[in-house]
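Novice: Pasting a structure below so you can have a look.
The values are calculated or read from the model by the stated rules, or taken from the named source; none is laboratory data. Just so it is clear, the structure is predicted and the values come from calculations on it, not from any experiment. Note that we place each Cβ from the backbone using ideal geometry, even for glycine, and neighbour counts take in every protein chain shown. With ligands, DNA and RNA removed, areas are computed over all heavy atoms of the protein, side chains included. Shrake-Rupley method; radii C 1.70, N 1.55, O 1.52, S 1.80 Å.
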Amino acid sequence: VVRLATKLSFAEAKSTAEQFLPVVPSTEVVEQATLGFGRFTAEWFEVAPAPEDDGDVLVILVDSKGAPTATDRELRRRRRPHKARDKAASPRHRGRKRRGRYDPLPRRKKGDKSKNAKMATVVVMYTLRTDGTLLLGPINKWLYASFAPKRHAFEVARREADKRGFAAGSGKVIQIVTDGDIDLERYAGQLFPEADYHTLDVAHVVERLWEAGGCVEREGTKHLTLWVEELKTLLFSGDIKGLLAELRRAQKTLGRGKKKKRRRERLTENIKYLSKRRAMMGYAELMDEDLEVGSGAVEGAVKHIVGKRCDQGGMRWIRERAEAVVQLRCIELNGDWDRFVEHVHDRVRQQ
C-alpha cells in the first residue's frame with residue numbers, strides 16, 4: 001500500500017487497495033507508514049550499489065519544480081483541536097454552519113496565483129556507450145529529487161558519479177545540462193570542475209530568440225518567423241558571436257522613443273542572458289559529438305516525480321512529507337523498490 005501511495009494520494013491508495021485486499025489500513029496509517037519508510041531514503045541512496053555494465057560517457061541533467069506547501073495559517077488550522085460535530089438537519093447545513101466559523105480567506109490580488117511553492121531539485125543521470133561515431137543510450141537511468149538546497153542535489157550526483165567510475169581524474173567524459181539557472185551553474189562548477197561540457201538547454205535559448213524577435217517584429221507575422229529561423233541557423237552552426245551581433249543590430253533599430261522603451265528593455269535583457277551563457281551554447285560541437293543539446297529527460301522527470309504526485313489541485317504539503325514521497329517515488333522509478341524494502345526491514349530488525 002505504501003508503494004501504491006507513491007503513485008496516488010494516501011486516500012486513493014487506501015480506496016484502491018480495498019478493491020483487492022480483505023483488510024486495508026486507514027488513510028492515517030498509510031500516511032505514517034509512508035513517512036516511516038521515508039526515514040530510510042537518504043541512507044538508501046548513500047549505500048545503494050552502482051549499476052553494472054555502464055557506459056563510458058556520463059550525462060547529468062538538473063532542473064527544479066515547485067510543490068505547493070501549507071502556509072502558517074493553514075498549519076494552525078490543521079493543528080488546532082478538533083471540535084465535536086455540530087448537530088444539523090443534514091450534511092449540507094452542517095457545512096454551512098462550519099464554514100461560517102472560519103475567518104474568510106483574504107482576497108488575492110489580480111494575477112496572484114501563488115501556491116507558496118517550495119522548490120525540489122531533480123537530477124537525471126545516465127550513461128552513453130560509444131559505438132563508432134554514435135553514442136548509444138540511455139543506459140542505467142537514475143533519478144533523484146529533494147527539497148533540500150540545490151547544492152545538496154549536486155553533492156548526491158557527485159557521490160553517484162564517483163560510484164559509477166566517473167570520479168575526478170578518471171579521464172571519462174561528463175556532460176551536465178541545466179536550464180541556465182545561475183545557482184546550478186555555480187554548483188556544477190564547484191562539484192564537477194572536470195566536466196567536459198556544461199550545456200544550456202537549447203529549448204530555453206530558442207524561446208529567448210522568439211522573445212527577442214517579438215521585440216522587433218510583430219507577433220504572428222511571417223517576418224518574425226523568418227528572422228527567428230535565421231537566428232536559429234546561426235545558433236546551430238556555432239556562430240554565437242554572429243547571433244549576438246544580429247540581436248544588437250536589431251536593438252539599434254528600435255531607436256530611443258518612449259513608446260518602444262519596454263521592448264528595448266526586454267531585448268536588452270535577452271541579449272544579456274545569452275551573452276553570459278555563450279560558453280554553454282556550443283551546439284554545433286555537441287551535435288558533431290552526438291551529445292545532448294536539450295534537457296527533455298529531466299523536464300519530463302520533474303513533471304512525473306513532483307508534478308504528477310505533489311502538485312495536484314487542493315494539495316498543500318509539509319516539506320518533510322513531500323520529501324519522503326518524492327524520494328520513495330524515485331526509488332520506485334529506479335527499479336530499486338524490493339531491494340529498498342529489504343534494506344529497511346534489515347535496519348529495523350537491527351534497531
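Novice: Tell me which residues, restricted to the range 254-276, are in contact (Cβ under 8 Å) with a residue 24 or more places away in the chain and either in a loop (DSSP other than H, G, I, E, B) or open to solvent by 80 Å² or more (accessible area, probe 1.4 Å) (or both). Outline the logic, then answer.
Specialist: Restricting attention to the range 254-276, the residues satisfying the condition of being in contact (Cβ under 8 Å) with a residue 24 or more places away in the chain are 254, 263-264, 266-267, 270-271, 273-275.
L254, the sole residue that qualifies.
Novice: Moving on to the next point. Give me the residue from the range 114-138 that is under 24 Å from P68 (Cα atoms) and among the basic types (K, R) and, out of that set, least open to solvent (accessible area, probe 1.4 Å).
Specialist: If we filter the range 114-138 for residues that are under 24 Å from P68 (Cα atoms), which is where we start, we get 114-124.
When the remaining residues are screened for being among the basic types (K, R), the result is 115, 118.
On the way: K115: 66, K118: 81 Å².
Restricting to residues being under 24 Å from P68 (Cα atoms) and among the basic types (K, R), the top hit is K115.
Novice: Can you pull out every residue in the range 204-217 that is open to solvent by less than 60 Å² (accessible area, probe 1.4 Å) and closer than 25 Å to E299 by Cβ?
Specialist: Hits for the range 204-217 are H204, V205, V206, R208, L209, A212, G213, G214.
Novice: Are there helices (runs of 4 or more DSSP H) fully within the range 33-121 with at least 3 residues that are modelled with pLDDT under 95? List them.
Specialist: Working: elements: 41-47, 72-79, 91-101.
In the range 33-121, the matching helices (runs of 4 or more DSSP H) lie at 72-79, 91-101.
Novice: Filtering the range 218-230 down to residues that are part of a loop (DSSP other than H, G, I, E, B) and open to solvent by 60 Å² or more (accessible area, probe 1.4 Å), which residue is farthest from A250 (Cα to Cα)? It would help to see each step written out before you state the result.
Specialist: Narrowing the range 218-230 to residues part of a loop (DSSP other than H, G, I, E, B): 218-221.
After this cut, where a residue has to be open to solvent by 60 Å² or more (accessible area, probe 1.4 Å) as well, the list is 218-220.
Details: R218: 13, E219: 16, G220: 18 Å.
Ranking the qualifying residues of the range 218-230, first place goes to G220.
Novice: Taking K141 as the residue in question, decide whether it is of a type in the set (D, E, K, R), at pLDDT 95 or above and open to solvent by 90 Å² or more (accessible area, probe 1.4 Å).
Specialist: Numbers: of a type in the set (D, E, K, R): yes; at pLDDT 95 or above: yes; open to solvent by 90 Å² or more (accessible area, probe 1.4 Å): yes.
Against the criterion (of a type in the set (D, E, K, R), at pLDDT 95 or above and open to solvent by 90 Å² or more (accessible area, probe 1.4 Å)), K141 qualifies.
Novice: Considering only residues of the range 290-313 that are free of Cβ contacts under 8 Å to residues at least 60 places away in the same chain and open to solvent by 60 Å² or more (accessible area, probe 1.4 Å), which is farthest from S114 (Cα to Cα)?
Specialist: Only one residue tops the list, namely H304.
Novice: With respect to T199, determine if the residue is open to solvent by 40 Å² or more (accessible area, probe 1.4 Å), of a type outside the set (G, A, S) and outside any helix (DSSP H, G or I). Walk me through it before giving the result.
Specialist: Numbers: open to solvent by 40 Å² or more (accessible area, probe 1.4 Å): no; of a type outside the set (G, A, S): yes; outside any helix (DSSP H, G or I): yes.
Here the answer is no, as T199 does not meet what is asked.
Novice: Show the residue pairs meeting these rules: Cβ distance below 9 Å; 6+ apart or different chains; first residue within the range 137-151 and in contact (Cβ under 8 Å) with a residue 60 or more places away in the chain and of a type in the set (S, T, N, Q); second residue part of a loop (DSSP other than H, G, I, E, B) and open to solvent by 50 Å² or more (accessible area, probe 1.4 Å).
Specialist: Partner pairs satisfying both residue conditions: N140/E52; N140/D53.
Novice: Any residue in the range 161-181 that is of a type in the set (K, R), open to solvent by less than 30 Å² (accessible area, probe 1.4 Å) and either closer than 22 Å to K276 by Cβ or in a loop (DSSP other than H, G, I, E, B) (or both)?
Specialist: Let us first name the residues in the range 161-181 that are of a type in the set (K, R), namely 163-164, 172.
The next check asks that each one be open to solvent by less than 30 Å² (accessible area, probe 1.4 Å); those that pass are 164.
This time we only want the ones that are either closer than 22 Å to K276 by Cβ or in a loop (DSSP other than H, G, I, E, B) (or both), so: 164.
For the range 161-181, residues of a type in the set (K, R), open to solvent by less than 30 Å² (accessible area, probe 1.4 Å) and either closer than 22 Å to K276 by Cβ or in a loop (DSSP other than H, G, I, E, B) (or both): present.
Novice: Being in a helix (DSSP H, G or I) and open to solvent by 60 Å² or more (accessible area, probe 1.4 Å) is true for just one of A279, A284, A245. Which residue is that?
Specialist: Working: A284 fails: open to solvent by 60 Å² or more (accessible area, probe 1.4 Å); A245 fails: open to solvent by 60 Å² or more (accessible area, probe 1.4 Å).
Exactly one residue qualifies, and that residue is A279.
Novice: When the residues of the range 314-351 are filtered to those that are in a loop (DSSP other than H, G, I, E, B) and among the charged types (D, E, K, R), which remaining residue is most open to solvent (accessible area, probe 1.4 Å)? I'd like the intermediate steps shown before the answer.
Specialist: Keep residues of the range 314-351 that are in a loop (DSSP other than H, G, I, E, B), which gives 314-316, 318, 334-336, 351.
Those still in the list that are among the charged types (D, E, K, R) too: 316, 336.
Values: R316: 76, D336: 22 Å².
For the range 314-351, the residue satisfying everything is R316.
Novice: For T233, indicate whether it is out of contact with any Cys (no Cβ under 9 Å at 6 or more places or on another chain), modelled with pLDDT of 95 or more, open to solvent by less than 30 Å² (accessible area, probe 1.4 Å) and not aromatic (F, W, Y).
Specialist: Details: out of contact with any Cys (no Cβ under 9 Å at 6 or more places or on another chain): yes; modelled with pLDDT of 95 or more: yes; open to solvent by less than 30 Å² (accessible area, probe 1.4 Å): no; not aromatic (F, W, Y): yes.
Here the answer is no, as T233 does not meet what is asked.
Novice: Kindly indicate whether G242 is within 28 Å of H198 (Cβ to Cβ), at pLDDT 95 or above and not aliphatic (A, V, I, L, M). Spell out the reasoning first.
Specialist: Numbers: within 28 Å of H198 (Cβ to Cβ): yes; at pLDDT 95 or above: yes; not aliphatic (A, V, I, L, M): yes.
In short, yes.
Novice: Can you tell me which residue is surrounded by the fewest Cβ atoms within 10 Å (Cβ to Cβ) among those in the range 8-56 that are of a type in the set (V, I, T) and touching an Asp or Glu at 6+ places or on another chain (Cβ under 9 Å)? Step through it out loud before you land on a result.
Specialist: To start, the set of residues in the range 8-56 that are of a type in the set (V, I, T) comprises 16, 23-24, 27, 29-30, 34, 41, 47.
Cutting the leftovers down to touching an Asp or Glu at 6+ places or on another chain (Cβ under 9 Å) gives us 24, 41.
Values: V24: 17, T41: 22.
Filtering the range 8-56 for residues that are of a type in the set (V, I, T) and touching an Asp or Glu at 6+ places or on another chain (Cβ under 9 Å), the one surrounded by the fewest Cβ atoms within 10 Å (Cβ to Cβ) comes out as V24.
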